[in-house]
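The values are calculated or read from the model by the stated rules, or taken from the named source; none is laboratory data. None of the values given here were measured: they were computed from a predicted structure. So basically every Cβ, Gly included, is an ideal-geometry build from the backbone, and we count neighbours across all protein chains shown. Just so you know, the surface numbers come from the protein's heavy atoms only, side chains and all, with ligands and any DNA or RNA stripped out. Shrake-Rupley method; radii C 1.70, N 1.55, O 1.52, S 1.80 Å.
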Amino acid sequence: MKKKNNAGAIASNAGDDFHLIWACKKLLETLKPNSELTAISVEGPTWTDSVQISDEDALYSIDLAEYYGGSNFKDADSVIFSQLKYSTYQMDKDWTASTLCTKTSKNKDNSIIRRLADTYKKFSSEHASSIGKLTLKLVSNRKLEIEFSKSVKEAVCMI
């Protein structure tokens, strides 16, 4: 007899909790005096921005959108789109270039890097003159592998 477990549900619930706690933390920042954070959106950009971007694949990397100085991409001074990744079973496993590029779908590339790249590509084509205000983040309870982290820092310094 095959024994069933609910490990998937536990991991999924922990991920959902991480999303909610992160969003609530950001929401509380809007209450601080002189906060420049003026709007947040969960599971995608604001409605105004999502209507403008016709490609749904370009929105899948946005678990939390933070708008500073405005309530949509056009009006904001800066925007942060965060992809949130929380792991209950692999928290000691470092992110590598390979794991960030690993897809989980047989039909299409849905890797973390692909999703972030699709978001950047679409927003840069829609907002070419103001794409510099966009920051993409990966927020995780896992750290980057040391050599990979060094390579990323080195690449950033070259820009």
Under unit Cβ charges (Lys, Arg +1; Asp, Glu -1), what dipole magnitude, rounded to 20 debye, does the stretch 23-117 have relative to its Cα centre?
360 debye
What distance in nm lies between label points placed 7 Å from Cα along the C-beta direction at A97 and V156?
1.7 nm
Tell me, Kirkwood radius of the chain from alpha-carbon pair distances, in Å?
17.3 Å
Relative contact order (%) - criterion: Cα under 8 Å, at least six apart; region: the stretch 56-123
37 percent
Using only the alpha-carbon atoms, how far is helix 7-29 inclined from the longest principal axis of the chain? Give it as 0 to 90 degrees, nearest 10.
20 degrees
With each pseudo-label sitting 7 Å past Cα toward Cβ, what's the E145-V51 distance in nm, one decimal?
4.5 nm
Give me the percent of the accessible area of the chain that comes from carbon and sulfur atoms, probe 1.4 Å, all protein chains in place.
55 percent
Hits among aspartates and glutamates - C-alpha to C-alpha of K143 under 18 Å, sequence gap 8 or more where chains match
D92, D94, E154
Helix 146-158: inclination vs the chain longest Cα principal axis, degrees, rounded to 10, gives 20 degrees
Given a cut-off of under 8 Å on Cα pairs at least six residues apart, what relative contact order in percent is computed for the stretch 99-159?
16 percent
Could you work out the Kirkwood radius for the stretch 102-143, taking every pair of different alpha carbons, averaging 1/r and inverting it, reported in Å?
11.8 Å
At 1.4 Å probe size, with every protein chain present, just tell me what the per residue accessible area of the stretch 102-144 comes to in Å².
63 Å²
Normalising by the residue count of the chain, find the relative contact order in percent from Cα pairs under 8 Å and 6+ residues apart.
22 percent
Accessible area per residue, Å², the stretch 27-76 with all protein chains present, probe 1.4 Å:
56 Å²
Of L134, T96, P33, which is farthest along the charge dipole of the chain in the positive direction, counting Lys and Arg as +1 and Asp and Glu as -1 at C-beta?
T96
